[in-house]
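J.: Input: one structure, supplied below.
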Amino acid sequence: MKRFIFIILLILFLTLLSCTKNEEPTAPEIKGSRVYIVNNLSETVSIYDEVKDTLFEDVIITGVTPNDIYQVGGLAYIVNSGFGGVPSIQVIDLSTNEIIKEIQLPPGSNPWAITKSANRFFVTLSARNMVYIYDSNLNLIDSIKIGKWPEGIIYYKNSIFIASSGLKPDYTYDVGYVYVLKNPDSIPIIDSIPVKTNPQDFAVSPEGEVFVLCTGDYNIQDGWILEIDPESLLIVDSLHIGGYPGDITYAQQRIFASDWFNGLLIYDLATGKDTIIPTGYGSSRLFAKDEKVYLTIFSGSEMNYLLILDALDYTIEKKVELGVGKGAQAVLVYKEEL
């Protein structure tokens, strides 16, 4: 009899445990600085509380193949590329970490990144060679054909800058272009400038310098960073950084570029000195905030990491384990006003 009762209690315990594991993830209230890490493979967002040095794994369930995260005020926007499913944009209330809105994008369009002008959102649809334009409530209002395989996109000085990588169906590259939409909140005027091979992303300094990262073709052409004058749209400076860097950010008069194979590439604009920080295989996405640089280390089968570096002396202040096989990718640092 006692054994029978024990078995029943064990079954009840396992049932309750199973129910607990299947519940939707939740995060406690987090104030102050926190880091949002988009996990491309597990299709979740984890949150790292910098103040308490605590990681909350898989707090938010994303759509299919999340690729980008972008903040406007107290909201964040996740771009789900939708590989093997339906692409979408999800809106997160950063005060509650809850998804409050989601809109679908065309199947197979492979949306890449998002930015916002004064009153409109702009999303690159790589597989359709197009940019979708939404109003501030994410109602679709227009679309524009843009180059070949557009990826990175930013808003600066009343212009939208778009990196057209030139990727072709045979996985070779045409000449890369940066397209510019002037007057984006009314009737956009399209301009363009040819750049190096495979432009992917941008960084803007507080002084108004616009840098475009050109990754190269992963074969003969390697990495360059070009400075573009946002008014004349002329290339005013260039840096042959080498490797095949995939992401870029700016902090403390320094350009930081992540290279999947070589680590973190850094160029000091004041001194002209370049530095390579070995970070291991899988250096992925970057974000800069308050004299710190945040870098995700991507892995599909091993431990993923978040590295937090001092932007001045490049020391790694913190190495956060994010979990195995997460596919850590896009990163956003949010500091809530207290």
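J.: Projecting each Cα onto the charge dipole of the chain (Lys/Arg +1, Asp/Glu -1 at the beta carbon, about the Cα centre), which of Ile225, Gly242, Val131 comes out farthest on the positive side?
T.: My answer, from the dipole projection, is Val131.
J.: Okay, moving on. Let's see if you can work this out: charge +1 on each Lys and Arg Cβ, -1 on each Asp and Glu Cβ, no other charges. What is the dipole magnitude of the range 245-310 about its Cα centre, in debye to the nearest 20?
T.: My answer is approximately 80 debye.
J.: Using the Cα atoms of the chain, I'd like the radius of gyration and the largest Cα-Cα distance, Dmax, both in angstrom.
T.: 21.2, 87
J.: Another question, if that's okay. Multiply the residue separation of Ile190 and Val51 by 0.36 nm, subtract the distance between their alpha-carbon atoms, and state the gained length in nm to one decimal.
T.: Stretched fully, the Ile190-Val51 segment lengthens by 45.6 nm.
J.: Over its Cα atoms, what ratio of radius of gyration to 2.2 N^0.38 Å does the range 196-338 give? Don't skip to the end; give the middle numbers.
T.: Details: Rg = 15.0 Å, N = 143, 2.2 N^0.38 = 14.5 Å.
That ratio works out to 1.03.
J.: Right, another one. Note down the magnitude of the dipole of the range 65-146 about its Cα centre, charges +1 on Lys and Arg C-beta and -1 on Asp and Glu C-beta and zero elsewhere, to the nearest 20 debye.
T.: Numbers: 5 positive and 6 negative charges, 55 e Å.
Dipole magnitude for the range 65-146 comes out near 260 debye.
J.: For the chain, modelled as a GNM with alpha-carbon contacts under 10 angstrom, which of Ile225, Ile276, Ile89 fluctuates the most?
T.: Maximum fluctuation in the GNM of the chain, among the listed residues, is at Ile276.
J.: Relative to the longest principal axis of the chain, what angle (0 to 90°, nearest 10) does the C-alpha long axis of helix 2-22 take?
T.: Long axis of 2-22 versus the principal axis of the chain: about 20 degrees.
J.: Oh, and also: In Å³ and rounded to a whole number, note down the convex hull volume per residue for the Cα atoms of the range 228-272.
T.: Here the figure is 94 Å³ per residue.
J.: Which three numbers, in whole Å and largest first, are the semi-axes of the equivalent ellipsoid of the range 163-206 derived from its Cα gyration tensor as √(5λ)?
T.: Equivalent ellipsoid of the range 163-206: 23, 14, 8 Å, largest first.
J.: When all C-alpha to C-alpha distances in the range 264-338 are sorted into bins of 5 Å, what percent of pairs does each bin hold, rounded to whole numbers?
T.: 3, 15, 25, 23, 17, 10, 5, 2
J.: Can I ask one more? Using a simple charge model, +1 on the beta-carbon of Lys and Arg, -1 on the beta-carbon of Asp and Glu, nothing else, what dipole does the chain show about its Cα centre, in debye to the nearest 20?
T.: 860 debye
J.: To continue, here is another question. Based on C-alpha coordinates, I'd like the Rg and Dmax of the range 39-151, in Å.
T.: 14.3, 46
J.: Rolling a 1.4 Å sphere over the protein heavy atoms, what is the accessible area per residue of the chain, to the nearest Å²?
T.: Heavy-atom accessible area per residue stands at 47 Å².
J.: Once all Cα-Cα distances of the range 64-114 are split into 5 Å bins that start at 0, what whole-number percent is in each one?
T.: 5, 25, 31, 21, 12, 5, 1
J.: Can I ask one more? Report, please, the projected area of the range 105-196 averaged over directions, based on the convex hull of its C-alpha atoms, in nm².
T.: 5.6 nm²
The values are calculated or read from the model by the stated rules, or taken from the named source; none is laboratory data. Just so you know, these numbers come straight off a predicted model, no measurement behind them. Note that each Cβ is placed from the backbone with ideal geometry, even for glycine, and that neighbours are counted across all protein chains shown. Protein only, heavy atoms only, side chains kept; ligands, DNA and RNA dropped before computing areas. Shrake-Rupley method; radii C 1.70, N 1.55, O 1.52, S 1.80 Å.
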